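Everything below concerns the one structure shown next.
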Amino acid sequence: MKVGRYVYPIAVLLTLVVGLRVWQPRQVKADSNSHPSFTVAPNWPKPLPAPVGADGVAHRWVTGEVAGTCVDSNNHIFTVNRGWEAGVTINGVLQGAESGALVGQDATASAVASPPVVAYDADGNVVASFGNPALTQTGPTYGGSEVMPHGSHGCYVDYQDNVWVGGNGDGIVQKYSQTGTLLLQIGTKGVCDGPTNNSTVGGATVYSTCGEAHDNNSSTTLLNEPADIAVDPDADPVTGKTGDIYIADGYGNHRIVVFDSTGTYVRQFGTKCASAPCPDGTYGATGGGHPHCVVLGNDNLVYTCDRPNSRIEVWDKRGNFVRSITVEPASTASAANQAAILKAGTRACDITFWPNIDYLASKSPTSQKYIINVDLGNDNTWILDKESGAMLGALGRCGVSPCPGHNAGEFAFAHTASTDSHGNVYVAETITGRRIQKFVPNHN
């Protein structure tokens, strides 16, 4: 695969020892409810690069929607961005702002879309990027070659520092080196695990197998608009192999599907719920992203987001359902805020554990005592007790209340979250926010 022109040198040590060394427990200030508290870092990240083009003009990068965030062993924060996705045609329909591409309110005429993947250090400096926007296909021939996923969605750095990305605009998950070399692809670009219903546009084949209206939930080789990825450094309970890939195959299908490190199907669990209330072990049939996240705990359990039903469903690695955690921020809010929360409609959109070393997943040496839950319905990010599921607080400046807005500490379509080894939490925003924010724990 041709690596894009936006590549920055990056020194990465590919060992678990690094992660274990950089993590050190710290005393974190707790409020009266004995949970961690955070303060937004208003000047993070620093301004993006503005390379001078052949026209002599400095062209500032703009990310567009920030669809995902993930952290590597050096505490570099990777973002998956959608600004480059303008002009792609899917199923004969031209994608514009809906795909996350730059629009008029994003930037001046001199601005350019950032590379699809951009990484920052803890201070907010850009330290790496890859993915050439020229690799994307446009027009009715979309779907014919292996390029960056369209509808970029989900980001994960594994225990070997490889970067994984998915796409809820097609049916692929891809594994990259940190310099942008494509190492593995699961699924077929533009072809999903749905009933075959192809048509011809301009003499070229257009695939219409993707989406929740086309839900087979059964292929051992195809996906259907995958939302998230996690990689397990532990041995699989059945095969004994390490490096299993857990995929939230959740915008079209309604399952968690597991592949081994070579991309070979292992098993799956979860089905579609036709009507509410949805029973345990199922995901909402409609509502955008179900399951929308997958996270591996060091308790050997698999945590997944049933976004439309505002709950976190927990499984063992064999696919046996364990329990459900309902996200209920209204339970600890004032009467007025209870009404506001219920009016907005809670969403279990994405989670990360805290404290945690994300890339070590099931081998993280931290307590993973808390769940940080991104709720795009209420434009806030909640703090839950992992064991009990109790609502304890929020990252947003508004407290346990909806917190919409574009100022620091407020959220506009908060979408995904990640945690670094120092306890900092990063929240990425898509449709109306189009940014990433850093929240720093308050230490004693």
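The values are calculated or read from the model by the stated rules, or taken from the named source; none is laboratory data. Worth saying up front: this structure is predicted, and the values here are computed from it rather than measured. Cβ coordinates were reconstructed from backbone atoms using ideal geometry, including for glycine residues, and neighbour counts include every protein chain displayed. For the accessible areas, the whole protein counts, side chains as well, though only heavy atoms, and no ligand, DNA or RNA atoms are used. Shrake-Rupley method; radii C 1.70, N 1.55, O 1.52, S 1.80 Å.
General observations
- Beta carbons closer than 6 Å, at least 6 apart along the sequence or on distinct chains, pair a first residue in segment 422-444 that is free of Cβ contacts under 8 Å to residues at least 60 places away in the same chain with a second that is open to solvent by less than 40 Å² (accessible area, probe 1.4 Å) and of a type outside the set (Ser, Thr, Tyr) for THR432/ALA412.
- Single unsatisfied condition, PRO404 versus (1) open to solvent by 10 Å² or more (accessible area, probe 1.4 Å); (2) in contact with an Asp or Glu (Cβ under 6 Å, 6 or more places away or on another chain); (3) within 16 Å of PHE78 (Cα to Cα): (3)
- The set of residues in segment 144-195 being acidic (Asp, Glu) and either under 16 Å from THR221 (Cβ atoms) or in contact with a Cys (Cβ under 9 Å, 6 or more places away or on another chain) (or both) consists of GLU146, ASP170, ASP193.
- Residue selection: THR286 satisfies the criterion of being farther than 26 Å from ASP234 by Cα and either under 20 Å from the mean Cα position of the chain (by Cα) or open to solvent by 30 Å² or more (accessible area, probe 1.4 Å) (or both).
- Considering segment 146-177, the residues that are over 25 Å from HIS254 (Cα atoms) and out of contact with any Gly (no Cβ under 9 Å at 6 or more places or on another chain) include one that is modelled with the lowest pLDDT, namely SER177.
- Yes/no for ASN298 being modelled with pLDDT of 95 or more, surrounded by fewer than 22 Cβ atoms within 10 Å (Cβ to Cβ) and more than 23 Å from GLY423 (Cβ to Cβ): no
- When TRP315 is tested against (1) over 26 Å from ASN74 (Cβ atoms); (2) touching a Pro at 6+ places or on another chain (Cβ under 8 Å); (3) among the hydrophobic types (A, V, I, L, M, F, W, C), only condition (2) is not met.
- Residue that is farthest from ILE431 (Cα to Cα) [pool: residues in segment 70-85 that are open to solvent by 10 Å² or more (accessible area, probe 1.4 Å) and in contact with a strand residue (DSSP E or B) (Cβ under 8 Å, 6 or more places away or on another chain)]: HIS76
For every residue, the table says whether it meets (1) more than 15 Å from HIS153 (Cα to Cα); (2) modelled with pLDDT of 95 or more; (3) surrounded by 18 or more Cβ atoms within 10 Å (Cβ to Cβ).
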{"residue": "ASP228", "(1), (2), (3)": "no, yes, yes"}
{"residue": "VAL231", "(1), (2), (3)": "yes, yes, yes"}
{"residue": "ALA235", "(1), (2), (3)": "yes, yes, no"}
{"residue": "ILE245", "(1), (2), (3)": "yes, yes, yes"}
{"residue": "TYR251", "(1), (2), (3)": "no, no, yes"}
{"residue": "ILE256", "(1), (2), (3)": "yes, yes, yes"}
{"residue": "SER261", "(1), (2), (3)": "yes, yes, no"}
{"residue": "TYR265", "(1), (2), (3)": "yes, yes, no"}
{"residue": "PHE269", "(1), (2), (3)": "yes, yes, yes"}
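- Taken residue by residue, segment 368-376 has at least one member that is surrounded by fewer than 18 Cβ atoms within 10 Å (Cβ to Cβ), modelled with pLDDT of 95 or more and closer than 28 Å to PRO233 by Cα.
- Residue in segment 385-395 that is assigned to a loop (DSSP other than H, G, I, E, B), without any contact (Cβ under 8 Å) to a residue 12 or more places away in the chain and either open to solvent by less than 20 Å² (accessible area, probe 1.4 Å) or hydroxyl-bearing (Ser, Thr, Tyr) (or both) present: yes
- 1 or more residues farther than 20 Å from ALA348 by Cβ: qualifying strands (runs of 3 or more DSSP E) within segment 401-444: 435-441
- Extreme residue, most open to solvent (accessible area, probe 1.4 Å), among residues of segment 335-367 that are over 26 Å from GLY287 (Cβ atoms) and among the hydroxyl-bearing types (Ser, Thr, Tyr): SER367
- Residues located in segment 273-283, provided they are closer than 14 Å to THR326 by Cβ and open to solvent by less than 60 Å² (accessible area, probe 1.4 Å): CYS278
- Residues of segment 325-341 include none that is at pLDDT 95 or above, out of contact with any helix residue (DSSP H, G or I) (no Cβ under 7 Å at 6 or more places or on another chain) and over 25 Å from ALA67 (Cβ atoms).
- Residue check for LYS29: modelled with pLDDT of 55 or more and among the basic types (Lys, Arg): no
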